[in-house]
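Here's the structure, in C-alpha cells; my notes come after.
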Amino acid sequence: MTGVKSPLLSLPGAVPAEGADEGVAAHYGDIFREQRNLARGTGFVDLSHRGVLTVTGADRLAWLHLLVTQHVSELPAQQAVEALVLSPNGHVEHALYLVDDGTTTWAHVEPGTQGALVAYLESMKFFYRVEVADATADYAVVHLPAGSEGSAEGAAAVRELPYGRDLFVPRADLEKLTAGYGPAAGIWAYEALRIEDHRPRLGFETDHRTIPHEVDWLRTAVHLQKGCYRGQETVARVHNLGRPPRRLVFLHLDGTEETLPPHGTEVRLASDPDGRSLGFVTSSARHHELGPIALAIVKRNVPADAVLLAGTVPGTQDVIVPQ
C-alpha cells in the first residue's frame, strides 16, 4: 500500500488495482482494448502511485555513480537509464528509473520504496554537494507508449525509452495533462506488455536473495566496466567465474485454464507434478495476442525445453537468462 490515490480513478469505468499497485486503476472496463491501444501507440497509463525522487547539487552524478550499478558519472542530459542499489552481498534492494535534465536527476521507483531509498541515500551523502528529496507528493509519473503523439509539454522531466516515454508531471496538473493523452489504459494492460517484453520488476521478479544476473538486469541496469559500488564484488564474481543459481523465464501458459497463477505460485515439471518445487511465478497476465503469459524464476539447471506446471497450469518456456 502506498497511501497515494489517483484522481484518475474517477474516470468512467475505472476499477481500482489492489496490492502493490493500489491507488491507480487496474483497468477501465476493457483490458484487451487498452492493451491494443498501447501496442499501437495511443493512450496513456497512470503510474502516479510510483515513488518519485530528485537529486540536485553539483556532485549529484559523481555521487550517484559511487552508489548504483549503472555508469552515471558522465550521464548525458535527457538520457534515460536503469540502475540498482545492491546489498553488501550483491542482492537487489532498489531499482531506479533515472534521467538527468542538466540540473536535477529524476528517478521513479516502486510504490512505497522511496522512503527507505531516501534514507539510504541520505546516510551516504558525507561531504558531497547533493540534496536528495522525496518528490512523490509533488510529482506523478505517466507513461505514454511508443509512437504516442501525446505532448510532453508541462512535464518536469521525460524519460525516452524504446517502449515509450515516462513523464514526470506536477501532481496538481495530472488530470489536466492526461486529458490530452488519449484513452486511459490500466495497470493490467501495462503489466501484460511488460511481461511480454521480459522486463523485471522489483518485488515481483525479485526476492530477498535476487542478484541482477538472475533476472536479466545485467543487460539493462548494470555497467560491467565500473566498480566502486556496494555489492560489486558479487556481480563481478558471478559474471566472471560462475553462473547465477536461478534464471528468469517467460511462460506461454495453457489457455484452457480459467485462472492465472498468482505471484508466488510454485513451479514444477509437468512430467513430475508432485515433485520438488523448481521455482515460482513472479508475474502473470492475459495478453491480447499471446493469451495467458507469465514470468517465473526457476533453478538454473531446469531443462530449457521442459514443460512446466505453474500450480496446475502447464506452460512452455522462452529463455530469457541463458541456462
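Numerical summary
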read-out: Answer from E18, E22 - the residue that is out of contact with any strand residue (DSSP E or B) (no Cβ under 6 Å at 6 or more places or on another chain), of a type in the set (D, E, K, R) and farther than 27 Å from A157 by Cβ; value: E18
read-out: Odd one out for F32 among (1) without any contact (Cβ under 8 Å) to a residue 40 or more places away in the chain; (2) assigned by TED's automatic domain parsing to the domain that holds V142; value: (1)
read-out: Selected residue (only one of A14, A25 is at pLDDT 95 or above and more than 25 Å from L96 (Cα to Cα)); value: A14
read-out: Residue ID - nearest to G43 (Cα to Cα), chosen from residues in the stretch 150-188 that are surrounded by fewer than 17 Cβ atoms within 10 Å (Cβ to Cβ) and of a type in the set (S, T, Y); value: S151
read-out: Boolean, L53 is of a type outside the set (S, T, N, Q), in contact with an Asp or Glu (Cβ under 7 Å, 6 or more places away or on another chain) and assigned to a strand (DSSP E or B); value: yes
read-out: Filter pass, S151 being modelled with pLDDT under 95 and of a type in the set (G, A, S); value: yes
read-out: Residue match in the stretch 203-213 (condition: at pLDDT 95 or above, under 27 Å from L98 (Cα atoms), of a type in the set (D, E) and in contact with a Pro (Cβ under 6 Å, 6 or more places away or on another chain)); value: no
read-out: Test: T56 is outside the structural domain of R165 (by TED's automatic domain parsing), at pLDDT below 95 and either farther than 30 Å from V130 by Cα or not aliphatic (A, V, I, L, M) (or both); value: no
read-out: Those residues of the stretch 298-323 which are more than 16 Å from L253 (Cβ to Cβ), of a type in the set (A, V, I, L, M) and part of a strand (DSSP E or B), in sequence order; value: V319
read-out: A137 being under 22 Å from the mean Cα position of the chain (by Cα), in a loop (DSSP other than H, G, I, E, B) and either of a type in the set (S, T, Y) or more than 30 Å from H287 (Cβ to Cβ) (or both); value: yes
read-out: Test set (1) surrounded by fewer than 18 Cβ atoms within 10 Å (Cβ to Cβ); (2) modelled with pLDDT of 95 or more; (3) not in a strand (DSSP E or B) - G112 fails condition number; value: (1)
read-out: Considering residues of the stretch 240-266 that are outside any loop (DSSP other than H, G, I, E, B) and surrounded by fewer than 16 Cβ atoms within 10 Å (Cβ to Cβ) only, the residue nearest to the chain's Cα centre (by Cα); value: E266
read-out: Residue in the stretch 189-202 that is in a loop (DSSP other than H, G, I, E, B), touching a residue at least 24 places away in the same chain (Cβ under 8 Å), surrounded by fewer than 23 Cβ atoms within 10 Å (Cβ to Cβ) and aliphatic (A, V, I, L, M) present; value: yes
read-out: From G147, G102, residue being exposed (fewer than 14 other Cβ atoms within 10 Å of the Cβ), assigned by TED's automatic domain parsing to the domain that holds Q35 and not in a helix (DSSP H, G or I); value: G147
read-out: L86 touching a residue at least 60 places away in the same chain (Cβ under 8 Å), within 20 Å of F44 (Cα to Cα) and out of contact with any Phe, Trp or Tyr (no Cβ under 6 Å at 6 or more places or on another chain); value: no
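Table: residues versus (1) in a strand (DSSP E or B); (2) over 27 Å from S10 (Cβ atoms); (3) out of contact with any His (no Cβ under 6 Å at 6 or more places or on another chain).
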{"position": "V85", "(1), (2), (3)": "yes, yes, no"}
{"position": "F127", "(1), (2), (3)": "no, yes, yes"}
{"position": "L167", "(1), (2), (3)": "yes, no, yes"}
{"position": "E175", "(1), (2), (3)": "no, no, yes"}
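Okay, residues lined up against (1) part of a strand (DSSP E or B); (2) closer than 26 Å to K176 by Cβ; (3) out of contact with any Asp or Glu (no Cβ under 7 Å at 6 or more places or on another chain):
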site: E34; (1), (2), (3): no, yes, yes
site: A58; (1), (2), (3): no, no, yes
site: L61; (1), (2), (3): no, no, no
site: L66; (1), (2), (3): no, no, yes
site: E74; (1), (2), (3): no, no, yes
site: E82; (1), (2), (3): yes, no, yes
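The values are calculated or read from the model by the stated rules, or taken from the named source; none is laboratory data. None of the values given here were measured: they were computed from a predicted structure. Virtual Cβ from ideal backbone geometry, glycine too; neighbours counted across all protein chains shown.
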